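First up is the structure itself, then whatever we jot down about it.
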Amino acid sequence: MKFSLCIGAYSGKDVIYHLEKIKEHGLHGLEYYSWWNLDDLKQIAREQERIGVGISATCTKFFNLNRLHLVGQKN
């Protein structure tokens with residue numbers, strides 16, 4: 001089993017801080033929900049290479065799992 005950490009586990013800290021903590025604690029990846037809000041994807045990719053762990057799960061813009069519970073419900 002591989003374990004990951006959710007962004008926000010370290011309140012107020014950026015994605016690089018989270019990646020460094022993931023490596024420090026022996027975890028396998030970071031769950032980052034809104035990847036499109038990252039300022040510089042190339043810089044994040046370089047940091048993932050440097051640190052040795054990366055973003056392992058993201059959400060999409062076109063499919064929202066939070067809304068699945070509404071399917072089939074009547075108002």
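For this structure, a couple of remarks:
- Flag for Leu65 being modelled with pLDDT under 90 and hydrophobic (A, V, I, L, M, F, W, C): yes
- Residue within the range 18-26 that is at pLDDT 95 or above and assigned to a loop (DSSP other than H, G, I, E, B) present: yes
- In the range 27-47, the residues that are under 12 Å from the mean Cα position of the chain (by Cα) and assigned to a loop (DSSP other than H, G, I, E, B): His28, Tyr32, Tyr33, Ser34, Leu38
- Note on the range 45-64: residues that are under 20 Å from Phe3 (Cα atoms) and in contact with a helix residue (DSSP H, G or I) (Cβ under 8 Å, 6 or more places away or on another chain) total 9.
- Residue within the range 50-61 that is at pLDDT 85 or above, in a helix (DSSP H, G or I) and over 13 Å from the mean Cα position of the chain (by Cα) present: yes
The values are calculated or read from the model by the stated rules, or taken from the named source; none is laboratory data. From a predicted model like this one, the values you see are computed outputs, not experimental measurements. Here Cβ is always computed from backbone atoms with ideal geometry, including for glycine, and neighbour counts include all displayed protein chains.
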